[in-house]
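Trainee: What follows is a single structure, and I will ask about it in a moment.
The values are calculated or read from the model by the stated rules, or taken from the named source; none is laboratory data. These numbers were taken from a predicted model, which means no experiment stands behind them. Quick reminder, even Gly has a Cβ in these numbers, built from the backbone with ideal geometry, and neighbours come from all protein chains shown. Areas reflect the complete protein model, heavy atoms only, side chains present, ligands, DNA and RNA absent. Shrake-Rupley method; radii C 1.70, N 1.55, O 1.52, S 1.80 Å.
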Amino acid sequence: MLNRKFSDEYFMRIALTEARKGKGLTYPNPAVGAVIVSNNQIIGRGYHRRAGLAHAEVEAVNAALKKCKTKIPQNSKIYITLEPCCHYGKTPPCVDLLINHKFKEVIVGSADPNPLVNGKGLKKLETAGISVKTDVLRKECDVLNEDFFYSIQNKKSFITIKSALTLDGKIASITGDSKWITNEKSRKFAHYLRQINSILLTGINTILKDNPQFNIRNIKSPKHKMNIAVMDTNLDFPMNAKLLAANSGAKIIIFTAQKNIDSAKCKKLIAKNIDVIPLKLTKDQTLDIKTAVDYLYQNGFNSILVESGGKLVYSLLKNKLANKIHLMFAPKLLGKGIDCIDGLLTTKIENCLILENISITHFDENFMVTGYINYGS
């Protein structure tokens, strides 16, 4: 067993496992993991924990130095899920660190689309005489940071919709009862989605009907508070909403109509450190969702998880804003009930929105359909 030669893919999978530990904690930065190998043995590993803290490469180098006592062996390789940075931000360039420790080879999963990096880091390593290998498990590494890549390339937030449904597509009964449609394992995954996204977007009706906490409690996570944005045309947000206590210290944003900004209610919300943002109304007297999600992007939220009723989901799809959807199905039938999408997207089958790159995940008797939304031309 000691003489077994492990592949680059083997070590990159371990680096991915490291990276996932920081997913959702590092925004607006990507999640990154690193593993250092000498003589086919791991001597250091690490991940980026939070924005402003040490990058994955630094964590791994420090772990290796601690284990090796003096210096990192010159035959060492480092596996990194994302191209190392070559610019000064809140921390120094990781490329310089790798050059200073004279790594033999740097193996990378994803290229970094950030214009400040984008191949420059790899070129600097090669110029310094370090061997570079790219695209190892690139698909897996790209999916890990699909939200980061999308926001960098498109100057928009990556938006994911999550809905729990009966088999006949209902998110609640005709009376509004929705607890619980899906099972505990499905709900744990829903909380994982909260962990890996930078903010949760919902509608006021969801808060008024369900009074949810919207925090992270069904999984082990260092992140328990959730940043939350609410679409609330008439400023009906309850002052005693459970989500306020459950997410104390997190960013809470309420989008509302301009007419409410000078109201006594607005002043009370602001006094609670809630950001109240005025939006224009569209022709159908709803809040301008495009402006809302643009505001979230401009304020550093590069990934948005949507947990809401059908009206907000419809608005996002109608305006071609959502990127990905998780539909969690329970083997239940309601007949009449509240629809997942509350609105008409098309009258023709040929014009239906298409989900691509479909995957199906089972949570015991529940199952989840995940796909990326193709809006066509």
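Trainee: Just to confirm, what accessible area per residue do you get for the chain at 1.4 Å probe, in whole Å²?
Mentor: 50
Trainee: Between the alpha-carbon centers of region 234-248 and region 298-377, tell me the distance in whole angstrom.
Mentor: With region 234-248 and region 298-377 each reduced to a Cα centre, they are spaced 26 Å.
Trainee: Apply the Karplus curve 6.51 cos²θ - 1.76 cosθ + 1.60, θ = phi - 60°, to the phi angles in region 246-253 and return the couplings in whole Hz, x for Gly and Pro.
Mentor: 5, 10, 4, x, 7, 7, 10, 10
Trainee: How much of the accessible area of region 226-377, in percent, comes from carbon and sulfur atoms when a 1.4 Å probe is used? Show your work: numbers first, answer last.
Mentor: Numbers: 4160 of 8040 Å².
Carbon and sulfur atoms account for 52 percent of the accessible area of region 226-377.
Trainee: Kindly work out what percent of the DSSP beta bridges joining two residues of the chain are antiparallel, to the nearest 5.
Mentor: Details: 28 of 63 bridges.
Bridges in the chain that DSSP calls antiparallel: roughly 45 percent.
Trainee: On the accessible surface of region 31-170, probed at 1.4 Å, how many percent belong to carbon and sulfur atoms?
Mentor: Numbers: 3200 of 6280 Å².
The value for region 31-170 is 51 percent carbon and sulfur by accessible area.
Trainee: Scan around I254 for amide H atoms under 5 Å from its own, H built in the peptide plane at 1.01 Å from N, and keep only partners 5 or more places away or cross-chain.
Mentor: When sequence neighbours closer than 5 places are left aside, the close amide H contacts are V230, D275, V276, I277.
Trainee: R0 = 25 Å: FRET efficiency of E9 with V132, Cβ-based, nearest 0.05? Provide the component values of the computation, followed by the final result.
Mentor: On the way: r = 17 Å, r/R0 = 0.67.
The computed FRET efficiency comes out at 0.90.
Trainee: Right, something else. Answer with one residue from Q285, A264, L344: the one whose Cα lies farthest towards the positive end of the charge dipole of region 255-361, charges on Cβ with Lys, Arg +1 and Asp, Glu -1.
Mentor: The residue sitting farthest along the positive end of the dipole is A264.
Trainee: Oh, and also: Can you check what the net charge comes to around F214, using other residues whose Cβ is under 11 Å from the Cβ of F214 (Lys, Arg +1; Asp, Glu -1)?
Mentor: On the way: positive: R194, R217, K225, K242; negative: D210, E307.
Its environment carries a net charge of +2.
Trainee: Using the Karplus curve 6.51 cos²θ - 1.76 cosθ + 1.60 with θ = phi - 60°, what ³J(HN,Hα) values do you get for each residue of region 257-265, in whole Hz, with x for Gly and Pro?
Mentor: Rounded to whole hertz, the list is 6, 3, 4, 8, 5, 9, 6, 4, 4.
Trainee: Tally the DSSP beta bridges in region 131-290 and give the antiparallel ones as a percent, rounded to 5. Numbers along the way, then the final one.
Mentor: Working: 1 of 14 bridges.
About 5 percent, rounded to the nearest 5.
Trainee: Among [x] 47, 27, 18; [y] 29, 24, 21; [z] 42, 23, 19, only one was calculated for this model; which label is it, if the read-out is semi-axes √(5λ) of the Cα gyration tensor in Å?
Mentor: Correct label, based on the coordinates given: [z].
Trainee: Also: Of the peptides 37-45, 280-288, 174-182, 322-330, how do they stack up when ordered by the mean number of other Cβ atoms within 10 Å, highest first?
Mentor: Values: 37-45: 17.2, 280-288: 12.2, 174-182: 14.6, 322-330: 20.4.
The most tightly packed comes first, giving 322-330, 37-45, 174-182, 280-288.
Trainee: Using amide H atoms built in the peptide plane, which far-off residues or other-chain residues are under 5 Å from G203 H to H?
Mentor: So G203 has HN proximity to M231, G309.
Trainee: How large is ³J(HN,Hα), in whole Hz, for each residue of region 172-184 in order, when computed from phi with the Karplus curve 6.51 cos²θ - 1.76 cosθ + 1.60 and θ = phi - 60°, using x for Gly and Pro?
Mentor: Taking θ as phi minus 60°, the curve returns 6, 6, 4, 8, x, 6, 9, 9, 10, 6, 9, 8, 5 Hz for region 172-184.
Trainee: Then there's this: Evaluate E = 1/(1 + (r/R0)^6) for K320 and K104, where r is the Cβ-Cβ distance and R0 equals 56 Å; express this FRET efficiency to the nearest 0.05.
Mentor: Numbers: r = 47 Å, r/R0 = 0.85.
Efficiency for this residue pair is about 0.75.
Trainee: Further question: For region 234-255, list residues with backbone N below 12 Å from a point placed 7 Å from the Cα of I277 toward its Cβ?
Mentor: Inside the label zone: 252-255.
Trainee: Stretch R217-H362 to full length: gain in nm at 0.36 nm per residue minus the Cα-Cα span? If you can, show how the numbers build up before the last one.
Mentor: Values: separation 145, 0.36 × 145 = 52.20 nm, distance 2.12 nm.
Value of the extension gain: 50.1 nm.
Trainee: Now for a different question. Under 5 Å between amide H atoms, partner at least 5 residues away or on a different chain: which partners does L82 have, H built in plane at 1.01 Å?
Mentor: When sequence neighbours closer than 5 places are left aside, the close amide H contacts are G33, G109, S110.
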